[in-house]
Amino acid sequence: MPLFLFRAIAEVRAAVRGCGRVGFVPTMGALHAGHLSLMRAARAENDFVVASIFVNPRQFGPHEDFEKYPRPLARDRDLCATVPIDALFAPTVEEMYPPGYATTVSVAGLQDTLCGRSRPGHFDGVTTVVAKLFHVVGPCAAYFGQKDAQQATIIARMVADQCFPVTVRVMPIVREADGLAMSSRNVYLTPAERAAAPVLRRALLAGAALAREGERSSETICRAVRGVIESSETARIDYVQLVNVDTLREAPSIERKALLAVAARFGATRLIDNACLSPGAGEVPYDA
Ligand code: AMP
């Protein structure tokens, strides 16, 4: 079956009609093994798989990297064909936000913590575009990465609150051999920054080791995590927080499970990573 590349909303709507269970993977392109793992999961669980590639201007701040964000569409299309998926939707900005477009979708309370603090408006941009993409694709299972755990929590909230006919699936973080979480933004790192970046994973593992030993205190775990990141001269911490997975509120201690989330700058590049922790078990799957 050929891989269709669609530019128009109407084409996607026509393609999914009558195709059985639809799996949907929204991305911004510059695909890597993390994105492909979402597509493979969608392939395994559905009859028809659609991915989207859209560098969404509304989720970039005025001083962020919208213009320079990589857009290797031909290469991305070839990678999608290896999965294989059935359709790739790569709309223009005008197709998604035609003149007169005026609607924002906003999930209150969850978008102003963690990454939302240093990226005001970012998650409103994400929910606005993902809501529209869900309306384009229709009933589906939608695949997101735990890498962007706050995004996954916010979208799951939006889907529940608004009765979208969508099942949200959150898949594990895919990493480089040295532990760095794969990200389209890793290409911005200088060799020295790239060499330093795995400190985030080492810090999360230090937190997970404490949890495995039975430690529940957020203060103790976050102090250890900070200590590891601060051992790098290159990393500058944005936040280290232990939060409830569903509410994203700070968890003073881990009850059954909590999300340990970190963000740090390496030069001009901001990287994020996270792990779900459970006392006695250490690191556990996001949806366990
Ligand atoms: P992006 O293209 O960065 O917007 O990401 C598209 C989707 O891929 C999101 O659901 C991300 O969470 C997911 N994703 C990004 N990096 C990874 C990774 N290293 N492992 C798993 N999923 C990822």
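We did not get these values from a lab; they are worked out from the coordinates using the rules stated. Since the model is a prediction, treat every value here as computed from it, not as a measurement. No Cβ is skipped: glycine too gets one built from the backbone with ideal geometry, and neighbour counts run over all protein chains shown.
Summary table
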item: Anisotropy class of the stretch 190-288 from Cα gyration tensor, a/c 1.5 cut; result: prolate
item: Diffusion constant of the stretch 4-171 at 37 °C, which comes from Stokes-Einstein with the Kirkwood Cα-pair radius and 0.692 mPa s, µm²/s; result: 203
item: The stretch 30-50 and the stretch 150-216: distance between their alpha carbon centers, rounded to Å; result: 18
item: Per-bin percent of Cα-Cα distances, the stretch 121-275 [10 Å]; result: 10, 36, 33, 18, 3
item: Cα-derived Rg over Rh, computed across the stretch 180-229 with Rh taken as Kirkwood radius; result: 1.10
item: Choice from V107, V126, V240 with maximal GNM fluctuation in the chain (Cα, 10 Å cutoff); result: V107
item: Pairwise FRET efficiency - D287 versus R236, Cβ, R0 = 30 Å, nearest 0.05; result: 0.45
item: Residue-span extension gain [E67 to D112] - 0.36 nm each, minus C-alpha spacing; result: 13.7 nm
item: Rounded to whole Hz, the Karplus (6.51, -1.76, 1.60) HN-Hα couplings of the stretch 87-103, x for glycine and proline; result: 8, 10, 10, 10, x, 7, 4, 5, 5, 7, 10, x, x, x, 4, 9, 9
item: Shape of the chain, Cα gyration tensor, a/c cut at 1.5; result: prolate
item: Fluctuation leader among L31, L189, L260 - the chain, Gaussian network, Cα springs under 10 angstrom; result: L189
item: Counting DSSP beta bridges with both ends in the chain, the antiparallel % (nearest 5); result: 55
item: Selected from L38, L242, L73 as most flexible by GNM, with the chain as the system and alpha-carbon contacts under 10 Å; result: L73
item: Test item: Cα-centred dipole of the chain, Lys/Arg +1 and Asp/Glu -1 on Cβ, debye; result: 180
item: Shape category assigned to the stretch 206-256 from the gyration tensor of Cα positions, a/c cut at 1.5; result: oblate
